[in-house]
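K.L.:
Have a look at this one.
The values are calculated or read from the model by the stated rules, or taken from the named source; none is laboratory data. Bear in mind that the values here come from a model prediction, so they are computed numbers and not experimental data. Virtual Cβ from ideal backbone geometry, glycine too; neighbours counted across all protein chains shown. These accessible areas exclude ligands, DNA and RNA; they are computed on the full protein's heavy atoms, side chains included. Shrake-Rupley method; radii C 1.70, N 1.55, O 1.52, S 1.80 Å.
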Amino acid sequence: MIDQKLEKQEAVKTTLCKQKHKLTMLTTTEWDKLQRLVTILEPCRNVTELLGGETYVSSSVVLPALHHLDRTMEVSDEDPAYMVRFKTAFSKDLSHRQATLNHEWLKLATVLDPRFKDLKCLPRGEREGVWTSLEALLQTEYKSATPEPTDEPAKKKRVLLCASDSDSDDDVGPNRALGLYRAEPTISETDCPLQWWSTHAGAHPQLSVCLARKYLASPATSVPCERRVT
């Protein structure tokens, strides 16, 4: 709305100058304030459209996008008083909204996205805890997919295998599976994480089948956002 008003300001001024009116027009200073608001609100529009997409992974983008907004709304020494008030009010409202999010789910979705698995959108002190949670989930999935043997010979063989130091690729437990994924380099933000998992499913079968599909398939919002008609 503000963008359209700025775009048409000269036409509006010219038209009103030719007519008799008692309208109070915006001052030059107020037009400048609107221009600055458009600049600061542009990332908000981009994030809204990004999280409302239907044709790509969006759940793993939530935390990086919110982190970007937090950085955008940081008050600087160059900000005039009205911009400080706006950023402060925006950040307060955003903080209240973030408090209602399912952060544990979003963190797991983020770490399972090879674009953001370095978790730079989180404070350093929280990053290792996300990997620990992912490890616990992988342990659970691994156990459910590998039922306990019921006969004594099989149980003894299982004990021997657990005590083995073998590095065979055929014997990839949950801890090693997670280590292999952590060692993978991050990919470009423009790449598709689903395509990456499809290509690397053979190298990370447990993560790909059990967890990546589950967390990355969930959309960030239940309905797509309203897009501006141009």
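K.L.:
Take GLU152 and decide whether it is at pLDDT below 95, farther than 23 Å from PRO219 by Cβ and surrounded by fewer than 10 Cβ atoms within 10 Å (Cβ to Cβ).
P.N.:
Yes; evaluated as a whole, the condition is true for this residue.
K.L.:
If ALA65 meets every condition in (1) under 30 Å from PRO193 (Cα atoms); (2) open to solvent by 40 Å² or more (accessible area, probe 1.4 Å); (3) modelled with pLDDT of 90 or more apart from one, which number is that one?
P.N.:
Among (1) under 30 Å from PRO193 (Cα atoms); (2) open to solvent by 40 Å² or more (accessible area, probe 1.4 Å); (3) modelled with pLDDT of 90 or more, ALA65 violates only (2).
K.L.:
Spot the failing condition for GLY173; the list is (1) modelled with pLDDT under 90; (2) open to solvent by 40 Å² or more (accessible area, probe 1.4 Å), and only one is missed.
P.N.:
In the conditions (1) modelled with pLDDT under 90; (2) open to solvent by 40 Å² or more (accessible area, probe 1.4 Å), GLY173 misses (2) alone.
K.L.:
Restricting to the stretch 4-26, name every residue that is within 40 Å of the chain's Cα centre (by Cα) and open to solvent by 70 Å² or more (accessible area, probe 1.4 Å).
P.N.:
GLN4, LYS5, GLU7, LYS8, GLU10, listed by residue number.
K.L.:
Identify all residues within the stretch 96-119 that are surrounded by fewer than 21 Cβ atoms within 10 Å (Cβ to Cβ) and polar (S, T, N, Q); write none if there are none.
P.N.:
GLN98, THR100, ASN102
K.L.:
Does ASP93 satisfy the criteria of being open to solvent by 50 Å² or more (accessible area, probe 1.4 Å) and in a helix (DSSP H, G or I)?
P.N.:
Considered against the rule, which asks whether it is open to solvent by 50 Å² or more (accessible area, probe 1.4 Å) and in a helix (DSSP H, G or I), ASP93 comes out as yes.
K.L.:
While we're looking at this one, here's another question. Does VAL57 satisfy the criteria of being touching a residue at least 60 places away in the same chain (Cβ under 8 Å), surrounded by 14 or more Cβ atoms within 10 Å (Cβ to Cβ) and not in a helix (DSSP H, G or I)?
P.N.:
Answer is yes for this residue.
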